[in-house]
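Engineer: Input: one structure, supplied below.
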Amino acid sequence: MERDGGGTRVATDDGATLTALTRGTDASAARGRRARPVRDWATDFDVLESSYIADPFGIWDELRGRCPVAHSGRRGSDWLTTRYADVTAMAHDTEHFSSQDVIVIPLEVDRPEETVLPFGLPPISADPPLHTWTRRLILPWFSHRRVAQYEDLTRTLCRTMVAGLAGRGGADAAADYAQQIPVRVIAHILGVQDDMADTFTGWVRDVLDRADDMDRRVQAIGALVSYFTSQIDERRACPGPDLLSFLLHTDIDGAPVEDGVVIGMAALLLIAGVDTTWSAIGSALWHLATHDADRRRLTAEPDLMASAVEEFLRAYAPVTMARVVVSDVEFAGCPMKAGDKVLMNFPAANRDPDVFENADRVVLDRAHNRHLAFGAGIHRCAGSNLARMELRVALEEWLGRIPDFRLADGAEVVWAGGQVRGPRQLPVVFS
Ligand code: HEM
């Protein structure tokens, strides 16, 4: 963890382990060595630089103006997109841009024999045809109708937590609240006991928050895979009404889904569903803690919640994804070579003034908001209905009981960045 100049700290949260552990890449550039400061973001960007993690918005504005597709030789990435049109075009161009490596910061793998996820994390790390049928299998579990069935559980969870915090006068809105919600909801969908939630959170944090501790990351993914392996044996013998049992009892062209694919899918749902949504809830609470007028307005006009949720997702989109260039291509005037890694910067696209009026302002009742927080094209987020519901309910329950809150005096907000940006420590006070 590094410290920047102000009351904000940053944690590297790059998600690098996934590729490292699933495919055994050898991106040696990424191993945690101390980086030199960036002098020119157009030719030498570093998405783990502390100033970028804490406040990337001005850097994106500058790049969009003078070099919308930036270049770098650092941390295994070659290109970084910042314009809405480019990001959208890339997300739709699966002919030139593959999802075989979607991890923003790759890490060196010393022990490729320890590859524990031979199919990766489908559908997110797969191209068609594996992508197509694995995505089709999970989509119904996150339809509007299904997600409505998870709302009561989410609301009760949030309400109970807020009731426990309300009398305390202060809390860490990220660790004590935002972080606790998505893991419990996805555990329920996967059919995992509630008392595993904290263990899951620990594994996901180890996988995603520990760019500098490969052993810990390897252990966490290993633990996750062993856990789902043991669950597979149990569910095969004794199926329940849950997603894991469903995957195990489904046929594809007359054959069962291989265990390795089921484990990869379960691991993805946990990793993709937890860190992202907790970051989105945390960023929204950070905004409300630091913008009095918006907080008062949203409390006084709860009907604004639907558009406010979209606006928080636009303005503080947590997720950046990578793609690998399949064959040489000129993209937005840049000569990309086969094997180059491109960062599809959905958060920067969401701040593009060519598409969004007052792009750098949060407008709670923004009327037109075709943001890219959930991506675009064939990999567009399969859990977006669930994420929206969790974000809405988390904010409704918090504001319903704690309408008046702000950052604690001298508060140190810790931001994670890289693949998923969001606050990991958010001390607030309230009366
Ligand atoms: C605010 C919260 C979330 C954000 C911002 C988010 C963002 C994204 C983005 C940008 C992608 C596209 C990846 C790409 O193009 O490579 C994606 C894919 C995906 N997300 Fe989410 N996500 C969130 C929550 C969730 C949740 C709650 C789940 C389910 C539990 C989920 C499951 C998935 C899956 C399965 C994919 C892969 C889809 C595919 O490859 O076809 N996400 N997400």
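Engineer: For the structure I just gave you, tell me whether residue 112 is over 23 Å from residue 347 (Cβ atoms), touching a Gly at 6+ places or on another chain (Cβ under 6 Å) and modelled with pLDDT under 95.
Structural biologist: When the stated conditions are applied, residue 112 passes them.
Engineer: Does segment 152-159 include one or more residues that are modelled with pLDDT of 95 or more, within 16 Å of the ligand (Cβ to nearest atom) and of a type in the set (Val, Ile, Thr)?
Structural biologist: Checked against the condition, which is being modelled with pLDDT of 95 or more, within 16 Å of the ligand (Cβ to nearest atom) and of a type in the set (Val, Ile, Thr), segment 152-159 yields at least one hit.
Engineer: Looking only at residues that are over 30 Å from residue 98 (Cα atoms) and within 23 Å of the chain's Cα centre (by Cα) in segment 353-378, which one is nearest to the ligand (Cβ to nearest atom)?
Structural biologist: Ranking the qualifying residues of segment 353-378, first place goes to 362.
Engineer: Could you tell me whether residue 190 is at pLDDT below 95 and closer than 22 Å to residue 134 by Cα?
Structural biologist: So residue 190 fits the description; yes.
Engineer: Restricting to segment 384-410, and then to whatever is aliphatic (A, V, I, L, M) and assigned to a helix (DSSP H, G or I), can you tell me which residue is farthest from the ligand (Cβ to nearest atom)?
Structural biologist: 399
Engineer: Then there is this: Counting only residues that are touching a Ser or Thr at 6+ places or on another chain (Cβ under 7 Å) and at pLDDT 90 or above, which one in segment 48-62 is nearest to residue 348 (Cα to Cα)?
Structural biologist: Of all residues in segment 48-62, those touching a Ser or Thr at 6+ places or on another chain (Cβ under 7 Å) come to 48, 54, 60.
The next check asks that each one be at pLDDT 90 or above; those that pass are 54, 60.
Working: 54: 14, 60: 6 Å.
Within segment 48-62, the match that is nearest to residue 348 (Cα to Cα) is 60.
Engineer: I would also like to ask the following. I'd like to know if segment 265-286 contains one or more residues that are without any contact (Cβ under 8 Å) to a residue 60 or more places away in the chain, part of a helix (DSSP H, G or I) and more than 27 Å from residue 316 (Cβ to Cβ).
Structural biologist: The first filter runs over segment 265-286 and keeps only residues without any contact (Cβ under 8 Å) to a residue 60 or more places away in the chain, leaving none.
No; the residues of segment 265-286 include none that is without any contact (Cβ under 8 Å) to a residue 60 or more places away in the chain, part of a helix (DSSP H, G or I) and more than 27 Å from residue 316 (Cβ to Cβ).
Engineer: Among the residues of segment 330-344, is there at least one that is within 16 Å of residue 280 (Cβ to Cβ) and within 16 Å of the ligand (Cβ to nearest atom)?
Structural biologist: The answer is no, given that none of the residues of segment 330-344 is within 16 Å of residue 280 (Cβ to Cβ) and within 16 Å of the ligand (Cβ to nearest atom).
Engineer: What number goes with the only condition from (1) among the hydrophobic types (A, V, I, L, M, F, W, C); (2) within 16 Å of the ligand (Cβ to nearest atom); (3) not in a helix (DSSP H, G or I) that residue 196 does not pass?
Structural biologist: The failed condition is (3).
The values are calculated or read from the model by the stated rules, or taken from the named source; none is laboratory data. Just so it is clear, the model here is predicted, and its values are computed rather than measured. All Cβ positions, even for glycine, are placed from backbone atoms using ideal geometry, and neighbour counts span all protein chains on display.
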